[in-house]
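**Q** This is the structure I have questions about; it appears just below.
Values in this text are rule-based calculations from the coordinates and carry no lab data. Not measured: the values here are computed from a predicted model. Cβ placement follows ideal geometry from the backbone for every residue including glycine, while neighbour counts extend to all protein chains displayed.
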Amino acid sequence: MADEFASSVDMGLQLTKRIYYGKNPPKPLVMEKKSSEINNLPTAPMVYAVVRDPSMVDNPDIPSYQPYVHGRCDPPALIPLDMQGIAMEVDCYMDTAFVTVNGTWRVHCIASSRYCDCRIAVPMGEQGSVLGVEIETPSRSYSTLLIESNDTKDAGLVANAKDGFLLNRRIYTLKVPQVAGGSILSVKVSWSQKILYQDGQFSFSIPFSFPWYVNPIAKLLCKKERIRLNVNSGMGKEIICGSCSHPLKETRRLVGTLGFLYESEVRAWSMDDFSFSYKVRPLPVHSSEILGSVLLNSVSMLDVDQREMFCFNLYPPAVNTMKVFRKEVVYVVDISASMQGRPLENIKSALLAALSKLSPADTFNIIAFNGKSLLFSSSLMLSGKESIGKATQWIDQNFVAEGSTDISLPLNQAIEMLSKNGDSIPLVFLITDGSVGDEREICEALRGRLMKSGLNSPRISTFGIGLYCNHYFLQMLAQIGRGYYDAAYDLDSISSRLERLLNGTSSVILADLKIEALESLDSFELYPCYLPDLLSSRPLIVSGRFIGTCPGSVKVSGTLADLSSFVVNVKVQKAKDLPLERVFAKRQIETITGNAWFSGSKQLEEMVAKLSLQTGVPSEYTNLILVENLKEKQTSKLETVDEKASDQLNVKKIIYLRALGVGFGNLKATADNLPVEAAEPKLHETSEMFCSRVSDQCAVTLAQICTALACFECISFCCEKLLVLLRDGRKLLGILRSFDQFANAVLESACERAIVGDLYCDIPLGLYIIRGENVVLIGELDVDKEELPPHMTRVSEAEIRRAQKAERDSTDLKGSMRKRMEFLDMD
């Protein structure tokens with residue numbers, strides 16, 4: 001679908017050449033890049049005009065009166081709209097950023113008398129999740145709203161919704177219906193995204209790179225660009241700023257919080273993504289300690305879960321000075337037929353990169369599976385140049401995409417293969433793009449098996465590709481195995497995300513973690529259910545609920561790589577200005593959804609739906625709708641609106657949008673070995689698309705039939721006197737001598753009949769050719785009857801011209817008098 005989107009934008013940019021900006025139009029401030037450098041996917045919040053009829057493309061301020069364009073755009077073209085203003089606010093809490101963007105766009109490419117749909121596209125950063133969209137047009141306003149999937153009588157409309165979806169699971173797009181050319185759209189969109197952590201430094205990047213063609217050409221005026229940034233580390237420690245893409249000015253500095261503002265008048269919009277990095281003391285460069293904290297947050301009366309909420313953080317040293325566990329790694333890779341092409345090639349590159357980074361003391365093995373399993377070796381092999389070379393050769397020979405999908409057998413083989421030595425961490429990486437029917441049985445069998453082994457229990461990390469695999473099965477498997485989970489929904493991100501998972505989760509520095517004081521509290525629940533190991537590459541941040549009184553400090557224990565015990569007392573403190581329920585809403589919803597799928601509990605499904613409605617985070621059991629509100633027209637005191645009309649103005653129209661969840665896998669698609677890209681929704685697959693296509697075909701057929709009938713009828717008109725009414729109102733008379741299927745006609749002894757009041761004149765034209773696109777009506781005249789009423793007087797051409805001029809002057813005078821009276825106050 002990304003290619004379809006890009007091609008539609010490319011077609012739209014070609015159509016913008018029809019827009020007329022006057023005799024001496026100003027040149028764009030930013031020169032056009034080479035075609036190879038242009039990526040037509042949105043790299044910042046954008047709004048596009050959806051153009052099906054190219055004849056509507058015109059400057060709403062300066063009509064160009066270009067020739068009529070025959071045909072339609074199929075698929076529709078997307079013309080990027082001129083952006084008039086942009087403002088962004090970013091609130092950072094711990095490892096989550098909440099982004100709100102306000103922007104205005106003008107429909108600069110559609111004639112003022114025409115209407116078009118407008119498509120909003122919002123790219124989001126790492127693990128982005130849309131929270132809401134608000135839209136203002138001159139006549140209507142729109143806003144998104146979450147509803148329970150089962151809380152609607154129109155279940156069929158919800159199931160058949162075609163709009164409001166994620167492109168590559170990172171670009172949210174929806175359509176605004178019927179916006180007038182030349183009007184202004186105001187859009188407010190909010191989303192959340194992940195803040196990354198590496199080498200003791202937090203960093204994030206927000207798509208904020210606008211292409212050159214969104215800068216208005218007609219008005220080269222200064223435009224205001226604004227960014228507000230608020231940072232709350234949640235640790236109550238000093239924040240040290242790192243790098244930044246835009247010149248921020250510090251506006252607030254308190255312990256644990258910072259505020260920044262960037263506001264500038266620019267000639268061209270930002271062409272760089274907004275990126276920012278920072279560190280939190282006591283995590284300086286020379287720090288070599290594991291630090292943690294426990295934050296408490298009292299629940300509100302409206303919270304669906306009235307238990308107290310807590311957050312547990314454990315940060316690795318800023319410098320990798322701690323010893324890392326020796327690893328025993330088994331890579332379990334899906335090579336079914338659906339992985340053919342780029343998915344398998346990307347997995348190969350990421351796997352070979354991970355093998356090259358193994359230390360000499362590590363051991364590894366590779367299992368490739370489809371309907372059966374293929375083992376690189378019958379036992380674990382010591383990492384080295386020779387063994388990795390053999391593994392590379394084996395991968396090239398055996399990674400052939402074919403067959404079906406069976407996960408249970410290779411997963412059990414991997415677990416059986418790992419030894420029971422206590423000085424190493426056994427790791428299993430499962431990589432798949434499909435779902436299987438025995439997923440619950442796999443989780444149930446592994447839960448009892450893995451929990452008994454302690455330190456020797458294999459850590460299972462999972463990686464899902466596309467939308468056909470059951471991501472909640474993979475998440476649940478990673479929770480039970482105390483590992484980590486990640487996913488790639490588009491082909492371009494498979495290699496980078498998989499490589500990050502393989503390398504990042506292999507560096508375990510603290511295992512078998514326990515929070516002793518909290519686990520003794522009543523109704524204690526942790527998200528995720530089991531504590532994973534602490535890695536050198538990322539902090540461990542989990543949340544939970546409990547009932548009771550939490551002590552002033554809690555004891556955290558674990559095992560280090562040298563098999564010594566690790567114990568630290570972590571201080572418990574109140575979360576100040578830190579909305580824990582917002583920060584952990586997405587993770588909590590995903591964890592409970594996985595448990596609901598695994599247990600089949602309807603009660604957990606209802607809890608997920610309530611949490612989703614409370615926090616505004618979409619889930620598998622809620623749906624977004626777009627609510628349309630008509631704006632009331634301003635009325636003077638002399639005007640009254642009856643009660644019935646007032647009620648009609650307040651009627652809300654609901655547009656159902658697609659579900660934003662990833663679903664629970666697709667067994668049929670897996671059995672049919674459908675490729676990853678087949679799961680992507682169609683960009684222009686809207687509910688009216690089928691009807692519009694049928695209408696186009698019917699219109700073509702009807703036009704052909706009518707043309708054929710007209711041709712047969714016009715044969716009888718040859719050598720007869722006709723009256724032709726043109727689009728501009730002129731009336732022509734003459735003898736028909738020739739015609740074609742496009743209604744082009746040739747009149748002999750033609751004349752134009754001008755009528756003003758009771759006066760008329762036939763102005764001679766001679767042999768006259770008429771273009772068919774200008775014809776409104778053609779009719780035969782009866783020469784035996786009077787053509788005009790008897791009271792009409794025939795005058796000369798000069799007299800009729802004077803009468804026409806007098807009529808135009810009178811009409812202009814009436815118009816100017818009306819404009820002069822508009823300033824009067826009718827109150």
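**Q** Percent of Cα-Cα pairs per 5 Å bin, from 0 to the last occupied bin, for the range 718-813, please list those.
**A** Pair shares across the bins are 3, 12, 21, 23, 18, 13, 7, 3, 0.
**Q** For THR549 and GLN340, calculate 0.36 nm times their separation in residues minus their Cα-Cα distance, and state this gained length in nm to one decimal. Don't jump to the answer; show the numbers that get you there.
**A** Working: separation 209, 0.36 × 209 = 75.24 nm, distance 5.53 nm.
Extra length from THR549 to GLN340 when fully extended: 69.7 nm.
**Q** If you fit an axis through the alpha-carbon atoms of helix 494-504 and take the longest principal axis of the Cα set of the chain, what angle between them do you get, 0 to 90°, nearest 10?
**A** It works out to around 20 degrees.
**Q** Counting only DSSP beta bridges with both residues in the range 326-506, tell me the antiparallel percent, nearest 5.
**A** Numbers: 5 of 31 bridges.
Antiparallel: roughly 15 percent of the beta bridges in the range 326-506.
**Q** Run the quick spin-label model on LYS653 and ARG252: label points 7 Å from Cα toward the beta carbon, then report their separation in nm to one decimal.
**A** My value for the distance between the label points is 4.1 nm.
**Q** Simple spin-label model, 7 Å along Cα-to-Cβ: ARG226 to GLU677 in nm?
**A** Rounded to a tenth, the inter-label distance reads 4.2 nm.
**Q** When ASP809, ASP199 are ordered from fewest to most other Cβ atoms inside 10 Å of their Cβ, what list results?
**A** Working: ASP809 10, ASP199 15.
Final ranking by Cβ density, sparse to dense: ASP809, ASP199.
**Q** Please list, in order along the range 604-611, the HN-Hα scalar couplings obtained from phi with the Karplus expression 6.51 cos²θ - 1.76 cosθ + 1.60 (θ = phi - 60°), rounded to whole Hz, x for Gly and Pro.
**A** Each residue's phi maps through the Karplus curve to give 5, 4, 5, 5, 4, 4, 5, 5 Hz.
**Q** For the range 223-267, what is Rg from Cα atoms divided by 2.2 N^0.38 Å, rounded to two decimals? The partial results should precede the final answer.
**A** Values: Rg = 12.1 Å, N = 45, 2.2 N^0.38 = 9.3 Å.
That ratio works out to 1.30.
**Q** Right, next: Apply 1/(1 + (r/R0)^6) to the Cβ-Cβ distance of LEU667 and TRP394, taking R0 = 22 Å, and write down the FRET efficiency to the nearest 0.05.
**A** Numbers: r = 30 Å, r/R0 = 1.38.
E between LEU667 and TRP394, to the nearest 0.05, is 0.10.
**Q** Quick one: if the Förster radius is 25 Å, what FRET efficiency do CYS244 and GLN178 give, using the C-beta to C-beta distance and rounding to 0.05?
**A** Numbers: r = 41 Å, r/R0 = 1.65.
Efficiency at R0 = 25 Å is approximately 0.05.
**Q** What does the convex hull of the Cα atoms come to per residue for the range 2-284, in Å³?
**A** 159 Å³
**Q** Turning to a different aspect of this structure: Describe numerically, in nm with one decimal, the distance between label points set 7 Å from Cα along Cα→Cβ at LEU352 and at LEU302.
**A** 5.5 nm
**Q** Taking the 0 to 90 degree range and rounding to the nearest ten, how far is the long axis of helix 408-417 tilted relative to the main principal axis of the chain, both from C-alpha atoms?
**A** The angle comes out near 30 degrees.
**Q** Can you tell me the length gained on complete extension of the stretch ASN744 to LYS194, counting 0.36 nm per residue apart and subtracting the Cα distance? Provide the component values of the computation, followed by the final result.
**A** On the way: separation 550, 0.36 × 550 = 198.00 nm, distance 6.36 nm.
That works out to 191.6 nm of additional length.
**Q** A further question follows. Which aspartates and glutamates, on any chain, are close to LYS571 with Cα under 14 Å apart, when same-chain ones fewer than 8 places away are left out?
**A** List returned: GLU516.
**Q** Hey, what do the phi angles of the range 355-364 turn into as Karplus ³J(HN,Hα) couplings, whole Hz, using 6.51/-1.76/1.60 and θ = phi - 60°, x for Gly and Pro?
**A** Result, ordered by residue: 5, 5, 9, 5, 7, x, 7, 7, 10, 8 Hz.
**Q** Restrict the search to the range 403-512; then list the trypsin sites (Lys or Arg not before Pro) that DSSP places in a loop and that have at most 11 other Cβ atoms within 10 Å of their Cβ. The partial results should precede the final answer.
**A** Details: sites: LYS420, ARG440, ARG447, ARG449, LYS452, ARG459, ARG482, ARG497, ARG500; in loops: LYS420, LYS452.
Answer in residue order: LYS420, LYS452.
**Q** Turning to a different aspect of this structure: Exposed loop sites here are GluC sites (Glu not before Pro) in DSSP loop states with at most 11 other C-beta atoms within 10 Å. What is the longest stretch of the chain lacking them?
**A** Working: sites that count: GLU632, GLU639, GLU688, GLU786.
Longest run free of exposed loop sites: 1-631.
**Q** Using modelled backbone amide H atoms (1.01 Å from N, in-plane), which distant-in-sequence or interchain residues come within less than 5 Å of LEU510's amide H?
**A** LEU534
**Q** If R₀ is 35 angstrom, what is the calculated FRET efficiency for the pair ARG326 and GLU444, using the beta carbon separation as r and rounding to 0.05?
**A** Details: r = 31 Å, r/R0 = 0.87.
Result of the calculation: an efficiency of 0.70.
**Q** Once you compute Rg and the Kirkwood Rh from C-alpha atoms, what is the Rg to Rh ratio for the chain? Please list the in-between numbers first.
**A** Details: Rg = 34.5 Å, Rh = 31.6 Å.
Dividing the radius of gyration by the Kirkwood radius yields 1.09.
**Q** How far is helix 585-599 tilted, in degrees, relative to the longest principal axis of the Cα atoms in the chain, given as a value from 0 to 90 rounded to the nearest 10?
**A** 70 degrees
**Q** Show which aspartates and glutamates lie in cross-link reach of LYS162 when reach means a straight Cα distance below 14 angstrom and same-chain residues fewer than eight apart are skipped.
**A** Within the straight-line limit of under 14 Å, LYS162 reaches these aspartates and glutamates: GLU680, GLU685, GLU688.
**Q** Holding the Cα-Cα limit at 29 Å, pick out from LYS323/LYS576; LYS279/LYS574; LYS327/LYS390; LYS327/LYS668 the pairs that are longer than that. Display every interim value, and only then the final one.
**A** Numbers: LYS323/LYS576 35 Å; LYS279/LYS574 22 Å; LYS327/LYS390 19 Å; LYS327/LYS668 37 Å.
Where the Cα-Cα span goes over 29 Å, the pairs concerned are LYS323/LYS576; LYS327/LYS668.
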